[in-house]
1. Consider D125 against the criteria (1) open to solvent by 10 Å² or more (accessible area, probe 1.4 Å); (2) in contact with a Ser or Thr (Cβ under 7 Å, 6 or more places away or on another chain): it satisfies all of them except one. Which criterion is unmet?
2. I need the full set of residues from the range 334-343 which are assigned to a loop (DSSP other than H, G, I, E, B) and closer than 15 Å to A290 by Cβ, in order please.
3. Hey, does the range 171-178 have a residue that's closer than 25 Å to D76 by Cβ, surrounded by fewer than 15 Cβ atoms within 10 Å (Cβ to Cβ), out of contact with any Cys (no Cβ under 9 Å at 6 or more places or on another chain) and not aromatic (F, W, Y)?
4. May I ask you to verify whether I317 is in a strand (DSSP E or B) and under 25 Å from N360 (Cα atoms)?
5. Just to be sure, is D277 part of a loop (DSSP other than H, G, I, E, B) and open to solvent by 30 Å² or more (accessible area, probe 1.4 Å)?
6. Going residue by residue through the range 284-296, is there one that turns out to be within 19 Å of Y241 (Cα to Cα), touching a Ser or Thr at 6+ places or on another chain (Cβ under 9 Å), at pLDDT below 95 and not hydrophobic (A, V, I, L, M, F, W, C)?
7. Does C136 satisfy the criteria of being in contact with a strand residue (DSSP E or B) (Cβ under 6 Å, 6 or more places away or on another chain) and surrounded by 22 or more Cβ atoms within 10 Å (Cβ to Cβ)?
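The values are calculated or read from the model by the stated rules, or taken from the named source; none is laboratory data. The structure displayed is predicted, hence computed values, not measured ones. Because the Cβ atoms are built from the backbone with ideal geometry, glycine has one as well, and the counts that use them run over all protein chains shown. In case anyone asks, the SASA skips ligands and DNA or RNA and just uses the protein heavy atoms, side chains included. Shrake-Rupley method; radii C 1.70, N 1.55, O 1.52, S 1.80 Å.
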Amino acid sequence: MGKRFKKAISIFLCVIFAFSVCQAAVAAPEEISAAESKAFTEDDFLVTNGRDIVNRKGEKVRLRGVNLGAWLIWEDWLCPYTIDGKGGETLAHADVLDRLEERFGIEKAYELYNTYMDNFITEVDFDNIADMGFNCVRLPFWYRNFYYDEEGTQKILNDNGEWDFSRLDWAVEQCAERGIYVILDMHGAVGYQGDAEHCGKLDSCRLYEKSQAGENYRERTAELWAAIAERFKGNPAVAMYDLLNEPSCDNEGFEITRRINNTSVYKILYNAVRNVDPDHIITLECIWTAAALPHPWIMGWNNVVYQIHFYQNSDFIFNFFVFLTRIYYSKIPLLMGEYYPLGSTTWSNTFKTMERCNINWCLWTYKAMNDWMSNSEWAIYANNNWEHNIERADVDNDSFDEIARKWGERLRSDSGVFSQTGHYENNVKQWLVTAN
């Protein structure tokens, strides 16, 4: 009984201390809101200052944003596709491309892919995001946006014979025009950084392999990051580079091994970016637990934000892990790069806790299309009547023209198929209105 009591007291004191740390973080400096400016200048370029993110005028900027999941990289629970006319089997993005390439060839497969991307997110969506009061977009992408092949050897080139970054260019330009910052997020690296579907392919993690193939994957991922950093260096609309989404997610093995692997690859990617862009913030993900990454000064890293993703099932657990993370990384800016309250966790508690603890955040996600999505809180925009409006492309059986139709204009947010869910009005709006 005595040991249990002491443990309970220790946890209680830890939480109380964390709460006081978080309360202090709220006080200063004064924040600038998204509503104050609609176009970026050099003064809006973001850097870190202690545990704050500030612009070049020294004003604190708290990022309150949303992810653009299901656009450049797909997950079957968010996107309108299926296999053999039925659901039930997980089909990652690489599998969809493989099936389309087998049926139509690589050029036609990417033509369908581009049709989807042209319509799923348009200028209307950036207007929506700005009008709702978000000042940040986290933009997930994967290496197959820039490579035709699985191994990452055949670059996608534009009409000038240069590496084609037009999707990222367009998204950043759209955000810049509306005063929205962009976090460029490598959701799927060459060789895959985890075994989860959201990396692009299930059970395919080879980025950390101690082999020639693993070395090649790391080199190509670093090459890709260096090219992206070269393209966007000096651009004030880009808030930061997110080097790897949820590294080692779902991988088997000891936690210490995962952490060593993550840190070793982060060193490679950090250096690749810093060699061409010394100024932009870099965000590194410790995602699930506090103390998952060494402190930046140990690694010689500067101008970095540490990122967490907490999908917790109770307010107590959410608060406890957020407080512990803030204590451990007390002098580093923190970003909740993805989150959604599960179980008994409440939206109001999560927002209050992150505000108190000076944590920037991005909801998962802005838009989705699924049988049950219109009645969920996972997306702000969703198909508004699934019984009539959802049409999944059967990548095994539908004709090229039929897939193109299903991924065409009907995927646009203003097509009549989509509408804003109650999620924004009920859970998010008051926090953005108060912030702005």
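1. The number of the failed condition is (1).
2. If the condition is that a residue be assigned to a loop (DSSP other than H, G, I, E, B) and closer than 15 Å to A290 by Cβ, then no residue fits.
3. Within the range 171-178, the first condition is being closer than 25 Å to D76 by Cβ, and the residues that meet it are 171.
Next, only the ones that are surrounded by fewer than 15 Cβ atoms within 10 Å (Cβ to Cβ) stay: none.
Checked the range 171-178: no residue is closer than 25 Å to D76 by Cβ, surrounded by fewer than 15 Cβ atoms within 10 Å (Cβ to Cβ), out of contact with any Cys (no Cβ under 9 Å at 6 or more places or on another chain) and not aromatic (F, W, Y).
4. no
5. Taking the combined requirement at face value, the residue does not satisfy it.
6. Scanning the range 284-296, I find at least one residue that is within 19 Å of Y241 (Cα to Cα), touching a Ser or Thr at 6+ places or on another chain (Cβ under 9 Å), at pLDDT below 95 and not hydrophobic (A, V, I, L, M, F, W, C), so the answer is yes.
7. Judged against the criteria, C136 is a match.
Each row is one residue, and each column tells you yes or no for (1) modelled with pLDDT under 95; (2) open to solvent by 50 Å² or more (accessible area, probe 1.4 Å).
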site: G2; (1), (2): yes, no
site: I11; (1), (2): yes, yes
site: K38; (1), (2): yes, yes
site: D44; (1), (2): no, no
site: G50; (1), (2): no, no
site: V66; (1), (2): no, no
site: G69; (1), (2): no, no
